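Colleague: I'd like to ask some things about the structure below.
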Amino acid sequence: MLDKQSTNATSAKIRAMYADMFTIDNYRELMSKKSVPDAAEYLSRHPGFRDAFRETDPNTIHRGYLEELIGRENFETYIRVIKFQGLDKQPFYSFLLRKNEVMTILSAINKINSSLEVTALPELPGYLIKHLGSRVLDIAAAETYSELLQILKGTQYYKVLSKVPLREDGKADFTECELRLRNNYYAGLLEQAEKGFDKSSAEELKSLILKEIDCRNIVNAYRMKAYFGYSADEIKRRSLKFSGIGKRTMDRIYESEDGEQMLELINKTAYGKNSPDTDNIEVKINSVKIRRLRSVLTNSTSAAASVYAFVQLCDIEAANIIRIIEGIRYGVEPAVIESQLVTL
């Protein structure tokens with residue numbers, strides 16, 4: 001176990017990188033661009049993405065490749081950070097690798113269920129294949145659920161997915177697979193946080209993880225209730241089993257009569273107080289989340305908490321940038337785009 005003193009350099013390194021992340025002024029400058037190549041040229045001059053665009057001509061770039069460049073840069077930054085002081089040797093710090101493994105498996109299941117004569121492989125970036133290993137190629141190429149299970153034998157994912165009942169057509173329910181895989185993923189993170197760090201770091205890390213889960217559950221619950229009218233039991237069945245604000249509070253939210261009542265209850269929790277006055281539930285909840293993440297980077301001495309918070313901030317930044325580029329591509333007014341961004 002690496003102590004806090006030995007990993008202070010990692011926290012300092014992350015704070016330095018955090019200083020180069022997009023501000024609201026950067027987002028507005030990007031939104032002022034009139035074309036995707038103009039946006040790419042702006043990104044190529046920004047400290048956070050300069051290296052990613054070093055061998056790319058912004059004038060010929062298309063939206064899909066630009067999105068891949070941003071994703072690759074964030075992933076490679078994560079790899080550099082965890083290798084900086086040998087943190088990659090501790091199980092917890094492979095959290096993003098495991099998350100991508102889960103996403104690859106889910107992509108394969110989705111393709112199997114869609115009955116398309118293609119594999120998930122074309123959607124799998126090369127930089128992930130390099131780090132996830134050769135098995136991921138077999139996963140992406142699986143043509144049936146049974147074949148996928150055979151490939152996963154000997155892994156934790158086999159134990160999780162082999163318990164999913166098959167339909168008459170031999171396929172598995174995607175929602176059930178996703179829920180089981182995500183619950184397994186977060187259970188592993190919480191266990192590693194508990195066992196791999198000193199008490200204060202473990203508590204801070206577990207709090208971050210549970211808040212991430214709460215945000216996911218609240219956003220999904222609101223969508224299910226407001227847009228599809230799901231019952232409380234259906235929402236509970238489709239939600240992750242962990243919670244930072246407690247099962248009783250989450251159950252009250254799930255049991256709301258409609259989206260309006262659910263929003264009122266959400267506003268009484270830590271995720272609703274001081275949140276933006278908006279009907280966009282993702283912006284509302286994640287704007288509170290980002291405030292907490294930035295506080296961790298500013299104040300925490302825990303390398304684990306800093307790395308975990310930083311990766312989430314990178315994800316939010318990437319989503320904002322991609323949303324802006326999509327808006328530019330379709331001629332959306334900057335004010336409309338800005339209302340959809342997650343910022344302080």
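Colleague: For the chain, which semi-axes, largest first and in whole Å, follow from the square roots of 5 times the eigenvalues of its Cα gyration tensor?
Modeller: Over the Cα atoms of the chain, the semi-axes work out to 29, 26, 25 Å.
Colleague: If you don't mind, another one. In debye to the nearest 20, how big a dipole does the range 43-144 give about its Cα centre with +1 on each Lys and Arg Cβ and -1 on each Asp and Glu Cβ? Mind showing how you got there, number by number?
Modeller: Working: 13 positive and 13 negative charges, 90 e Å.
Once rounded to the nearest 20, the dipole reads 440 debye.
Colleague: Tell me the mean residue ellipticity at 222 nm calculated for the chain from its helices only (DSSP H runs of n ≥ 4, each -39500 (n - 2.57), averaged over every residue, nearest 500). Walk me through the intermediate numbers first.
Modeller: Values: 17 runs with 224 residues, N = 344.
After summing the helix terms and dividing by residue count, I get -20500 deg cm²/dmol.
Colleague: Given the protein chains as shown and a 1.4 Å probe, how many square angstrom of Val336 are accessible, to the nearest 10?
Modeller: Surface open to solvent at Val336 totals about 70 Å².
Colleague: Let me ask you something else. Apply the a/c threshold of 1.5 to the C-alpha gyration tensor of the range 35-116 and tell me whether it is rounded, prolate or oblate. Please list the in-between numbers first.
Modeller: Details: a/c = 4.12, a/b = 1.19, b/c = 3.48.
Oblate shape, in that a/c is at least 1.5 and b/c is the bigger or equal ratio.
Colleague: If you find the alpha carbon centre of the range 48-69 and of the range 274-344, how far apart are they in angstrom?
Modeller: Using only Cα atoms to place each centre, the spacing works out to 21 Å.
Colleague: Working out 0.36 nm times the residue gap between His131 and Asn8, then minus their Cα-Cα distance, what length gain in nm do you get to one decimal?
Modeller: Values: separation 123, 0.36 × 123 = 44.28 nm, distance 2.60 nm.
Taking His131 through Asn8 to full extension adds about 41.7 nm, to one decimal.
Colleague: For the range 253-344, which trypsin sites (Lys or Arg not before Pro) pass both filters: DSSP loop (anything but H, G, I, E, B) and at most 11 other C-beta atoms within 10 Å? Don't skip to the answer; put the middle values down first.
Modeller: Numbers: sites: Lys268, Lys273, Lys284, Lys289, Arg291, Arg292, Arg294, Arg323, Arg329; in loops: Lys268, Lys273.
Answer by residue number: Lys273.
Colleague: Follow-up question, since we're still on this one. Using a 1.4 Å probe on the protein chains only, how many percent of the accessible area of the chain belongs to carbon and sulfur? If you can, show how the numbers build up before the last one.
Modeller: Numbers: 8230 of 17030 Å².
For the chain, the apolar C and S fraction of the accessible surface comes to 48 percent.
Colleague: Right, another one. Mean Kyte-Doolittle of at least 0.0 and a Cα length of 30 Å or more along the axis: which whole DSSP H helices of the chain meet both? Walk me through the intermediate numbers first.
Modeller: Details: long enough: 63-84 (32 Å, -0.37); 174-196 (32 Å, -0.76); 199-228 (42 Å, -0.30); 303-329 (38 Å, 0.97).
The answer, listed by residue number, is 303-329.
Colleague: Testing the spin-label approximation: label points 7 Å from Cα along Cα→Cβ at Thr175 and Phe84. State their distance in nm.
Modeller: Result: 4.2 nm between the two label points.
Colleague: For the range 255-344, rounded, prolate or oblate, judged on the Cα gyration tensor with a ≥ b ≥ c (square roots of eigenvalues), a/c < 1.5 rounded, else prolate if a/b > b/c? Don't skip to the answer; put the middle values down first.
Modeller: Numbers: a/c = 2.52, a/b = 1.06, b/c = 2.38.
Since a/c reaches 1.5 but b/c is at least a/b, the shape of the range 255-344 is classed as oblate.
The values are calculated or read from the model by the stated rules, or taken from the named source; none is laboratory data. These figures come from a predicted structure and were not determined experimentally. Positions of Cβ are backbone-derived with ideal geometry, glycine not excepted, and every protein chain shown enters the neighbour counts. Accessible surface is based on the protein model in full, side chains and every heavy atom, while ligands, DNA and RNA are left aside. Shrake-Rupley method; radii C 1.70, N 1.55, O 1.52, S 1.80 Å.
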